[in-house]
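Presented below is the structure to which this report refers.
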Amino acid sequence: MTKENKNPGWNFDNSYARLPQSFFSSQKPQPVRSPKLIIFNEPLAATLGLNAEVLKSEDGAAVFAGNHVPDGAHPLAQAYAGHQFGHFTMLGDGRAMLIGEQMTPAGDRFDIQLKGSGRTPFSRGGDGRAALGPMLREYIMSEAMHALGIPTTRSLAVVTTGETIYRETELPGAILTRVASSHLRVGTFEYAANWGTVQDLKTLADYAISRHYPEIEEAQNRYLSFLKELIKRQADLIAKWQLIGFIHGVMNTDNMTISGETIDYGPCAFMDTYDLATVFSSIDVQGRYAYGNQPYIGGWNLARFAEAILPLLDDDEKKAVKLAEEAISEYGKQYQANWLIGMKAKLGLFNDEEQDESLMEDLLKLMKKYRADYTNTFLALTFDRHEETGLLGSKEFSQWHKRWQERLDRQDETQAASHQLMKNSNPAVIPRNHRVEEALDAAVNQDDLNVMKRLLDVLSNPYAHTPDQAEYCTLPAPSKTPYRTFCGT
Ligand code: AMP
Ligand code: MG
């Protein structure tokens with residue numbers, strides 16, 4: 001008989017804990033009453049080198065609840081600041097804790113963070129806890145984004161705590177285990193710039209470069225290269241959001257990563273009807289983080305990053321400002337170029353023609369005018385579906401369709417190749433708001449996780465275009481009240 005492998009597979013190397021003390025506060029998570037593991041991401045566990053069989057047991061629940069700190073872990077709350085809705089403030093991990101950095105069998109490093117793990121010195125007035133609904137929501141959204149091919153933090157597990165938390169109502173408490181290539185944020189640099197020495201800032205920048213941009217370590221002005229590379233990654237990420245119709249909802253600078261991963265799934269949601277003004281978040285009354293504003297806000301946040309690292313760019317402040325401005329001015333161009341490439345793929349186009357941008361803009365204008373569903377319009381184009389009503393039934397659309405077909409005919413690639421490109425670029429399924437709500441309602445109010453598991457399963461392969469996905473493409477029944485999302489704090 002083979003001996004059962006009881007090793008959970010933790011393999012920590014805690015580089016963040018080696019930064020100067022002012023960047024964090026070492027502290028254990030606060031234990032919870034009765035941890036229960038309700039969802040566990042086995043494929044992700046496997047890539048992390050973790051033993052799913054061991055971690056699915058009570059031992060795992062104790063770790064993911066913060067009741068047991070595994071060997072080699074170094075739990076800590078990270079310090080950071082940030083611009084929230086344009087206003088600068090001190091923040092930090094007020095309800096989350098990094099427990100350690102897992103080194104995977106492939107040699108990659110991932111932060112293992114518990115979200116909802118109790119109070120820390122950064123909690124201010126908060127209880128440090130999280131509710132089950134929002135933690136499951138982050139699990140669904142982040143895993144859906146990953147499957148859609150968008151850089152993102154991942155979700156490894158959710159445990160319920162057996163404790164009640166108090167918001168507007170009493171809610172079941174939960175903790176999410178979040179996996180990220182790091183939790184360094186624009187806000188971490190703003191913290192260092194405002195409350196640290198220039199040496200602290202330098203140490204942090206060198207650390208971030210070695211962790212996320214090792215290829216520029218030897219660059220002549222590596223801090224300027226760092227800024228330029230971050231701009232590239234964010235221009236790529238935000239273009240991907242726009243192309244898929246993802247609305248982050250709270251693009252504060254503390255929610256913008258240095259790795260280029262999407263982070264902090266609070267009030268985020270996918271757009272259904274195409275409209276640049278779409279806002280779901282209940283707290284975003286001004287529409288600062290509306291769908292159409294996201295590219296602009298990305299640039300605004302990057303400018304805050306550039307300001308924070310100014311002393312590293314050049315000793316002469318004037319020169320530093322000039323270098324920063326030049327770098328930032330590239331962001332808009334890079335974003336637009338990425339968006340164009342992505343939009344071309346969505347329309348099956350391989351080469352470039354001067355009129356392409358207006359072809360796209362005209363389609364989007366029609367989508368807006370006819371209140372067409374963003375995702376399903378691209379699906380209809382991919383599969384050549386026609387309806388008698390709405391956008392697809394309109395004369396204007398027929399004219400646009402003709403232009404598009406002529407454009408396709410002018411390229412060398414076959415129709416089959418275009419069709420394949422479109423299938424790979426237009427998802428069949430996205431986490432539609434009514435489906436997410438249905439899954440959360442079953443999980444939170446009826447103790448039934450099957451609806452969520454089925455949804456996760458469908459979302460795990462969004463470009464498959466299989467018949468069983470069809471029911472997930474349907475739109476919700478019309479509602480008088482617009483869909484609203486909440487921060488879940
Ligand atoms: P977020 O909305 O998740 O980006 O959080 C913004 C800030 O509020 C961060 O500093 C969080 O740590 C803090 N925060 C959010 N919820 C809580 C809570 N329940 N208790 C303590 N701090 C919190
Ligand atoms: Mg945040």
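Of the residues making up the stretch 115-138, those that are near ligand 1 (Cβ under 10 Å from one of its atoms), within 17 Å of GLU168 (Cβ to Cβ) and either surrounded by fewer than 22 Cβ atoms within 10 Å (Cβ to Cβ) or without any contact (Cβ under 8 Å) to a residue 40 or more places away in the chain (or both) are GLY125, GLY126, ASP127.
Whether any residue in the stretch 182-191 is without any contact (Cβ under 8 Å) to a residue 12 or more places away in the chain and under 19 Å from PRO311 (Cα atoms) is what I want to check. No.
Taking the conditions (1) surrounded by 13 or more Cβ atoms within 10 Å (Cβ to Cβ); (2) at pLDDT below 95; (3) within 16 Å of ASP272 (Cβ to Cβ) in turn, ALA477 satisfies each one other than (1).
Every listed requirement among (1) buried (at least 18 other Cβ atoms within 10 Å of the Cβ); (2) under 32 Å from the mean Cα position of the chain (by Cα) is met by PHE397 save one, (2).
From TYR274, TYR291, TYR265, which residue is over 20 Å from LEU366 (Cα atoms), assigned by TED's automatic domain parsing to the domain that holds HIS248 and buried (at least 23 other Cβ atoms within 10 Å of the Cβ)? Reasoning before the result, please.
On the way: TYR274 fails: over 20 Å from LEU366 (Cα atoms); TYR291 fails: over 20 Å from LEU366 (Cα atoms).
So the residue among TYR274, TYR291, TYR265 that is over 20 Å from LEU366 (Cα atoms), assigned by TED's automatic domain parsing to the domain that holds HIS248 and buried (at least 23 other Cβ atoms within 10 Å of the Cβ) is TYR265.
Yes/no matrix, rows are residues, columns are (1) in contact with a Pro (Cβ under 7 Å, 6 or more places away or on another chain); (2) open to solvent by 40 Å² or more (accessible area, probe 1.4 Å); (3) of a type in the set (Val, Ile, Thr):
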residue: ARG18; (1), (2), (3): no, yes, no
residue: GLN21; (1), (2), (3): no, yes, no
residue: SER34; (1), (2), (3): no, yes, no
residue: ASN67; (1), (2), (3): yes, yes, no
residue: HIS87; (1), (2), (3): no, yes, no
residue: GLN102; (1), (2), (3): no, no, no
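State yes or no: is ARG154 at positive phi and either surrounded by fewer than 24 Cβ atoms within 10 Å (Cβ to Cβ) or within 15 Å of ligand 1 (Cβ to nearest atom) (or both)? For ARG154, the condition - at positive phi and either surrounded by fewer than 24 Cβ atoms within 10 Å (Cβ to Cβ) or within 15 Å of ligand 1 (Cβ to nearest atom) (or both) - is not met. Only one residue in ASN301, ASN221, ASN194 is within 16 Å of ligand 1 (Cβ to nearest atom) and surrounded by fewer than 19 Cβ atoms within 10 Å (Cβ to Cβ). Which one? After ruling out the rest, the residue left standing is ASN194. Selection of the stretch 400-418 for residues being open to solvent by less than 40 Å² (accessible area, probe 1.4 Å) and among the hydroxyl-bearing types (Ser, Thr, Tyr) yields only SER418. Among the residues of the stretch 263-284, write down those that are within 13 Å of ligand 1 (Cβ to nearest atom), modelled with pLDDT of 95 or more and hydroxyl-bearing (Ser, Thr, Tyr). Scanning the stretch 263-284 gives a single hit, TYR265. Considering only residues in the stretch 84-118 that are within 13 Å of ligand 2 (Cβ to nearest atom) and among the polar types (S, T, N, Q), the one that is farthest from VAL158 (Cα to Cα) turns out to be THR89. Within the stretch 225-261, the set of residues being within 13 Å of ligand 1 (Cβ to nearest atom) and touching a residue at least 60 places away in the same chain (Cβ under 8 Å) comprises GLY249, VAL250, ASN252, THR253, ASP254, ASN255, MET256, THR257. Of the helices (runs of 4 or more DSSP H) lying entirely inside the stretch 216-330, those containing at least 3 residues that are within 16 Å of ligand 2 (Cβ to nearest atom) span 294-308.
The values are calculated or read from the model by the stated rules, or taken from the named source; none is laboratory data. Everything quoted here is computed from the prediction, not taken from an experiment. When we count neighbours, we look across all protein chains shown, and the Cβ atoms used for this are built from the backbone with ideal geometry, even at glycine. The protein model used for the area step is the full one, side chains on, heavy atoms only, and it has no ligands, DNA or RNA in it. Shrake-Rupley method; radii C 1.70, N 1.55, O 1.52, S 1.80 Å.
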